[in-house]
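**Student:** Mind looking over this structure? Questions follow.
Readers should treat all values here as calculations from the given coordinates under stated rules, not as data from a laboratory. This structure is a prediction, so every number in the text was calculated from the model and none was measured. All Cβ positions, even for glycine, are placed from backbone atoms using ideal geometry, and neighbour counts span all protein chains on display.
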Amino acid sequence: VASSTPSARLRWKLQQTGLIGLFDPHIFSSDMVANGKPAPDLFLHAAAAMGVQPGECVVVEDSVNGVMAGKAAGMQVIGFTAGAHCAGNHGDRLGMAGADRIVGSYGDLAAALDGLGA
């Protein structure tokens, strides 16, 4: 997880949803870097911490700033529009920001990620 949410709040959210065990210790927040999204710093920090080259990473993002940050980091970006806050032309906005692909459901996301390995 690489989020603009401050670390303490992000960890709390992941605990409340029961997801922390899926990601810990790979939880990264913008308070860990000098510049938040749309700068690439957070994604580059996460990749370096995990020992992965940026070009080998896939970012799943629901925000324009996040898409811009992922692309600036040299990563493939999937724009994700399944959230309730992603109404109207949100997918178009993510595409205009540089998303390589737009998906609108968790099932489509799973298929898109599976397709990357092929």
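**Student:** Quick one: check the C-alpha center-to-center distance for segment 41-83 versus segment 1-34, whole angstrom.
**Tutor:** Going from one Cα centre to the other spans 15 Å.
**Student:** A further question follows. Order by neighbour count: 63, 105, fewest other Cβ atoms within 10 Å first, most last.
**Tutor:** 105, 63
**Student:** Calculate for the chain the 222 nm mean residue ellipticity that helices alone would give, adding -39,500 (n - 2.57) per DSSP H run of length 4 or more and normalising by residue count, nearest 500 deg cm²/dmol.
**Tutor:** The helix-only estimate for the chain comes to -12000 deg cm²/dmol at 222 nm.
**Student:** Quick check: pseudo-label points 7 Å beyond the Cα along Cα→Cβ at residue 49 and residue 5, how many nm apart are they?
**Tutor:** A separation of 1.5 nm, rounded to one decimal place.
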